[in-house]
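Written out below as structure tokens is the structure these notes cover.
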Amino acid sequence: MRVLIATDAWHPQVNGVVNTYERMREEAPKLGVELDFLTHEGFPTVPLPSYPEIRLALVWLRDVAARIEAVKPDHLHIATEGTIGLAMRAWCRKVGRPFTTSYHTRFPDYLSARFPVPRSYGYGLQRWFHNGGIGMMVASTSLAGELEDQGFRHIMPWTRGVDTALFHPRPVRDFGPRPVLLYVGRVAVEKNVEAFLAAPLEGRKVVVGGGPQFEELKARYPQAHFTGPLVGEPLGRAYASADVFVFPSRTDTFGNVIIEAMASGLPVAAYPVTGPRDLVAPGTGVLSEDLAEAAMAALDLGPDAPIRHAAGFTWQAATRMFRDNIEAARRATLVRAGGTAAKSNMIGMSP
């Protein structure tokens, strides 16, 4: 099966969406699937307001049609709701081609954090976008429940994986002696990084990543260590050099960095919200509305439980689930077209 994935998130961006599809592209051929990508590459682009590192493609339906014709895919999947995703959706609806989508980002929350736009407007647009497809893949049980309450349909489970060859314990201390408290991710208002930096915590705080708040927070919290974006072995060393991973976001849909941290032997401190609530099992971290309290309690946890838990998240399993979701959505569409009502039932979310 050949699948063409439309995504506005692509290199040189460094984020969980790009990493997810890159890793799946490596695993897919082992499962009889070939993944191709329709991205901003080859199109003129403009910077996304307030997020200049993200480029939006200026694309026409004829351009999308030409790319699809060149690839000749068996199935179309839309990963993001940007200009690439919108163009693919418009073409599919125009010609009657079924497509699936994935829900990666709470854009209504991100938008309302920057501008006076009600979240209901954003969710209305996302509901319109995703409900036009034959299946919407989401990363966690709690997120699925929230979106179902918002009126999203045909919800399907799709977990993520972790590269344990890269993320594992190492005998390194790049940031000094214990305790080192680490954050990895975009440095942006929706990630709530300041909640970590302002928390009354003993030890050294380390922030790995870049983003629109990087310079502002670096200037306001000079006692913290800001590395900028890291990838590959330097990122693996950063995780292994810490003692606790602090995840202050309240808006993430999953949190790939959480399982990367666990694979590196780090217990997790986070708020009890979607993402952490689905990933942090007993002994692997502490969830609390008091982030400092959670971080201090997590320091008492050892590395063994996080490592064991992270080992259950593999990219092979995530890629197989992605393939199976597409096949199930296509079968359900045929059933509905035949006049039989089909309900979208959530199935087990474990990897």
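The values are calculated or read from the model by the stated rules, or taken from the named source; none is laboratory data. This is a predicted model, so every value here is computed, not measured. As a convention, Cβ positions derive from the backbone with ideal geometry for all residues, glycine included, and neighbour counts pool all protein chains shown. Just so you know, the surface numbers come from the protein's heavy atoms only, side chains and all, with ligands and any DNA or RNA stripped out. Shrake-Rupley method; radii C 1.70, N 1.55, O 1.52, S 1.80 Å.
Whole number please: convex hull volume per residue of the Cα set in the stretch 122-267, in Å³? Provide the component values of the computation, followed by the final result.
Details: hull volume 18.5 nm³, N = 146.
Per-residue hull volume (Cα only) is 127 Å³.
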Taking the alpha-carbon set of the stretch 118-176, what are its Rg and Dmax in Å? 18.0, 51
Restricting to Cα atoms and excluding each atom paired with itself, what does the Kirkwood estimate give for the stretch 224-264 in Å? 11.3 Å
Take every Cα-Cα distance within the stretch 57-200, group them into 5 Å bins from 0 onward, and report for each bin the whole-number percent of pairs it holds. 2, 7, 13, 15, 15, 14, 12, 9, 6, 4, 2, 0, 0
For the stretch 206-295, what is the convex hull (Cα atoms) projected area averaged across all directions, in square nanometres? 6.0 nm²
Just the Cα atoms of the stretch 172-215, one point each, no solvent: what log10 I(q)/I(0) does Debye give at q = 0.18, 0.29 Å⁻¹? -0.54, -1.07
Take the Cα radius of gyration of the stretch 130-210 and divide it by 2.2 N^0.38 Å, with N its residue count; two decimals is plenty. 1.58
Kindly provide the Kirkwood hydrodynamic radius of the stretch 218-351 in Å, to one decimal, from all pairs of distinct alpha carbon atoms. 17.1 Å
Write down the radius of gyration of the stretch 15-89 and its Dmax, each obtained from C-alpha positions, in Å. 13.4, 40
Accessible surface of Thr101 - all protein chains present, 1.4 Å probe, nearest 10 Å²: 0 Å²
GNM top mover of Val17, Val33, Val335 - the chain, alpha-carbon springs below 10 Å: Val335
Using a Förster distance of 22 Å, how high is the FRET efficiency between Arg178 and Arg220, based on the Cβ-Cβ distance and rounded to 0.05? 0.30
Could you identify which residue out of Pro44, Pro248, Pro169 has the top mean-square fluctuation in a GNM of the chain using Cα springs shorter than 10 Å? Pro44
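Convex hull over the Cα atoms of the chain, averaged projected area in nm²? Kindly include the intermediate steps, with their values, before the conclusion.
Values: hull surface 69.6 nm².
With every direction weighted equally, the projected area is 17.4 nm².
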